[in-house]
Amino acid sequence: MSDDFLNQARTLNQGDTVRHQEGIRKGTRFNFSSKGSSVAGTNVEDWINPAYLRASTIRGARAVFASSRPLSHVQARNFLSEEKADIVRSWLNCADVEEVNIPNLHVYERMTSRKALAPFRSLKKWCLSNQCRTFLSLLTGLNVKVSDFFPIRFSHRQYTLLNDATNLKPGVDVFLDFSDDIPRNGGGELVYLTKTRELLKVFPCRNSLTIIPRPFGVMRYRKYVNYRVGRKKISQIWISGW
Amino acid sequence: MMALTCLLNFQGLAKLRELKQPFPHIVIEQVLSAPFVRALAKAILGEPKKRWNTDLYQFWQTNDLAQSNHTKIKGFVRQFTSIETKNCIKKILGCQVLGPVDCSGFVFEDTDYLLPHDDQMPGRKVAYILYLSTSKKKNGGALDLFGSTPSGKPTKVKKSITPRAGTLVLFPVSRRSIHQVAEHVGNNPRITVGGWFNE
């Protein structure tokens, strides 16, 4: 682990304690507890799979992130505890949604009303917390600014398009995935590309956390969701980059 | 093959429907004889094709049919891109199209599609689609025509044209000519010849 990363991670922690050592010694467990925090559900242990609190897991994920080419990315599977993942999925499936339909730009469903977002309050609190931000930084070595909480859904006949009028600014895409089991040939994958070549395809993956830095010149679209998905849905919560 | 110019002389007029909504377009049925349609469809399927798979579309496309060595295709292209056809289009649609004619074969397989767009590119004056296969409604693949706001933003599908072999659809290209090919479903391919008459 480079000194730069260690320094970067340390400066992110404002009020939280993260115990780590150079090289993350084997067996180290991270303690993300906030001193004085009294809000239920805002500790990382309340949400994520305990395996991701182990140094070996984080070390492995960071190695994957660092070595993936041509676009760095990591998709942490079985990310939330099974119980929490099922709860969030049921919220997403039952939520009131509104369709965003601009046919030559994008078609998808989103939840913006207070009523629709109410069940997600504790998850949102954790996603926007410094703990989460620190955790993402440990996974990637990046200073990931989490400022969104954007639940979206894609079903049959929905998509996004590359469009000259909406150039995405460089950033880091971070999203939690609660999709149904979508067949590989059902469409709905995220495609990352430049003007000259395709870089990466990210398929829906239930109960995963995906992190993809998107540098200047890298664009993104959601492939048209075709009839093979039936009534299944791609449900994601974007916390950065949407 | 029945030449496009012949249609204006007799029964073609009865089969020619000029429609204005949601944007001006022409639908001409039985523009080719059934045997010729079948032969042309078979020829298109035999042509080398490129697979396109992007955000906007997914389908097979042949090279420019003017380069084809197939007898049936050569005969069709010669007649379809002739000055007589261009004069005919000017009479029907009021558009001067004396420039080159883009002409490719398209094959849509299961889940293939072409999402909403207006075809606007420099030089393109009149778009056309000649259907060489017939689809049932359940198989999708319809040509969907969108309504639009005065500023050209698409609203929703106002009309769907289900593919019927031998039918020719023409429309002037403008910011209002927003259309898509709905997802094709099923194992029987949707086969067309399409492109643009240029100014």
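The values are calculated or read from the model by the stated rules, or taken from the named source; none is laboratory data. Since this is a predicted model, take the numbers as computed values, not measurements. Ideal geometry is used to build each Cβ from the backbone, glycine not excepted, and the neighbour counts take in all protein chains shown. Note: areas computed on protein heavy atoms with side chains; ligands, DNA, RNA excluded. Shrake-Rupley method; radii C 1.70, N 1.55, O 1.52, S 1.80 Å.
At-a-glance table
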read-out	value
Enumeration of residues in the range A:86-105 that are within 14 Å of chain B (Cβ to nearest Cβ) and among the aliphatic types (A, V, I, L, M)	A:VAL100, A:ILE102, A:LEU105
In the range B:113-123, residue nearest to the other protein chains (Cβ to nearest Cβ) [restricted to those that are open to solvent by less than 40 Å² (accessible area, probe 1.4 Å) and under 14 Å from B:LEU143 (Cβ atoms)]	B:PRO116
From B:GLY105, B:GLY75, residue being of a type in the set (Gly, Ala, Ser) and assigned to a helix (DSSP H, G or I)	B:GLY75
Test result for A:VAL100, under 30 Å from B:ARG176 (Cα atoms) and surrounded by fewer than 17 Cβ atoms within 10 Å (Cβ to Cβ)	yes
Tally of residues being closer than 16 Å to A:ARG214 by Cα and open to solvent by 20 Å² or more (accessible area, probe 1.4 Å) across the range A:165-199	14
Verdict on A:ASN207 being polar (S, T, N, Q) and either surrounded by fewer than 19 Cβ atoms within 10 Å (Cβ to Cβ) or within 12 Å of chain B (Cβ to nearest Cβ) (or both)	no
Among (1) within 17 Å of the chain's Cα centre (by Cα); (2) away from every other protein chain (no Cβ under 14 Å); (3) within 30 Å of A:ARG62 (Cα to Cα), the one test that A:GLU83 misses	(1)
Residue in the range A:108-128 that is within 14 Å of chain B (Cβ to nearest Cβ), modelled with pLDDT under 90 and over 19 Å from A:PRO204 (Cα atoms) present	no
Of all residues in the range B:126-156 being in contact (Cβ under 8 Å) with a residue 12 or more places away in the chain and open to solvent by 60 Å² or more (accessible area, probe 1.4 Å), the one that is farthest from the other protein chains (Cβ to nearest Cβ)	B:THR134
Qualifying residue in the range B:169-180 (condition: touching a Pro at 6+ places or on another chain (Cβ under 8 Å), of a type in the set (Val, Ile, Thr) and within 13 Å of another protein chain (Cβ to nearest Cβ))	yes
Residues that are open to solvent by less than 20 Å² (accessible area, probe 1.4 Å), closer than 18 Å to A:ARG153 by Cβ and either out of contact with any Leu (no Cβ under 7 Å at 6 or more places or on another chain) or assigned to a strand (DSSP E or B) (or both), drawn from the range A:210-237	A:THR210, A:TYR221, A:ARG222, A:LYS223, A:VAL225, A:ASN226, A:VAL229, A:ILE234, A:SER235, A:GLN236, A:ILE237
Verdict on B:THR85 being open to solvent by less than 20 Å² (accessible area, probe 1.4 Å) and either in a helix (DSSP H, G or I) or modelled with pLDDT under 95 (or both)	yes
Residue that is surrounded by the most Cβ atoms within 10 Å (Cβ to Cβ), among those in the range A:141-164 that are within 12 Å of chain B (Cβ to nearest Cβ) and among the polar types (S, T, N, Q)	A:GLN158
Subset tally (residues that are in a strand (DSSP E or B) and polar (S, T, N, Q)) for the range B:124-178	3
Failed item in (1) touching a strand residue (DSSP E or B) at 6+ places or on another chain (Cβ under 7 Å); (2) over 30 Å from B:ASP118 (Cβ atoms); (3) within 14 Å of chain B (Cβ to nearest Cβ); (4) of a type outside the set (A, V, I, L, M, F, W, C), with A:GLU189 passing the rest	(2)
Single unsatisfied condition, B:THR162 versus (1) closer than 22 Å to B:TRP196 by Cβ; (2) surrounded by fewer than 20 Cβ atoms within 10 Å (Cβ to Cβ); (3) within 18 Å of the chain's Cα centre (by Cα)	(1)
Lone unmet requirement of (1) touching a strand residue (DSSP E or B) at 6+ places or on another chain (Cβ under 9 Å); (2) modelled with pLDDT under 85 for A:THR160	(2)
Residue selected from the range A:219-242 under the condition under 19 Å from the mean Cα position of the chain (by Cα) and within 14 Å of chain B (Cβ to nearest Cβ), by the criterion farthest from A:LEU142 (Cα to Cα)	A:LYS223
Test result for B:LYS91, in contact (Cβ under 8 Å) with a residue 12 or more places away in the chain, open to solvent by 30 Å² or more (accessible area, probe 1.4 Å) and assigned to a strand (DSSP E or B)	no
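Yes or no, residue by residue, for (1) open to solvent by less than 80 Å² (accessible area, probe 1.4 Å); (2) away from chain A (no Cβ under 14 Å):
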site: B:PRO24; (1), (2): yes, yes
site: B:ILE28; (1), (2): yes, yes
site: B:SER33; (1), (2): yes, yes
site: B:LYS42; (1), (2): no, yes
site: B:GLY46; (1), (2): yes, yes
site: B:GLN58; (1), (2): yes, no
site: B:THR71; (1), (2): no, yes
